[in-house]
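Here the structure comes first, spelled out in structure tokens, and everything after it is commentary.
The values are calculated or read from the model by the stated rules, or taken from the named source; none is laboratory data. Quantities reported herein were computed from a predicted structural model and do not represent experimental measurements. As a convention, Cβ positions derive from the backbone with ideal geometry for all residues, glycine included, and neighbour counts pool all protein chains shown.
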Amino acid sequence: MSVHSVERLFAYNKWAWNRVFPSLEAVPEEEYFAERPFFWESLHGLAAHGYGAERAWLQRIGGESPSQLPAASEFASFAELRDAWESLWSEWQEYVGSLTASKLDDTLVFRGTEGEEFELRMDDVLRHVFNHATEHRSQMTPVLAQLGHPTEPLDYGRFARTSK
């Protein structure tokens, strides 16, 4: 993967989340926090997990190995979560802006949340981060549509046509 590809995937990730956020904001609070049959229990839990994963990977890239992701309960509302995400994206932008082709070949050694040690090429780490976000957006968008708050189309092709 090239540095340009990482820059595009980062831009796409922000673009896609920013098309989901209005739907999450429009959902009544009781529906947003309602328990659902997801891995992360609610739309709030799923969104908090998405944020937490992006934060944890940036921490790992920076040399830390968090032992857990932030709990959904750390955010009292979607507005708080969104503010945290905007701040995190600024940090991601700084990192992405510092990338070089040789850094993509580096190996990241880190501990997972269970304490086990892993090694991944940075190229694979970055592919995972952006693919992981796509997975979770695709889990929440059908629920948002069922609740009467569909998102705009999120596919990469749409992004590529509208973003130069």
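Values for this structure:
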read-out	value
Residue in segment 108-117 that is of a type in the set (A, V, I, L, M, F, W, C), modelled with pLDDT of 95 or more and surrounded by 16 or more Cβ atoms within 10 Å (Cβ to Cβ) present	yes
Search result, residues across segment 31-59 that are within 14 Å of GLU86 (Cα to Cα) and among the acidic types (Asp, Glu)	GLU54
Subset of segment 25-82 (residues that are among the hydroxyl-bearing types (Ser, Thr, Tyr) and surrounded by 13 or more Cβ atoms within 10 Å (Cβ to Cβ))	TYR32, SER42, TYR51, SER65, SER77
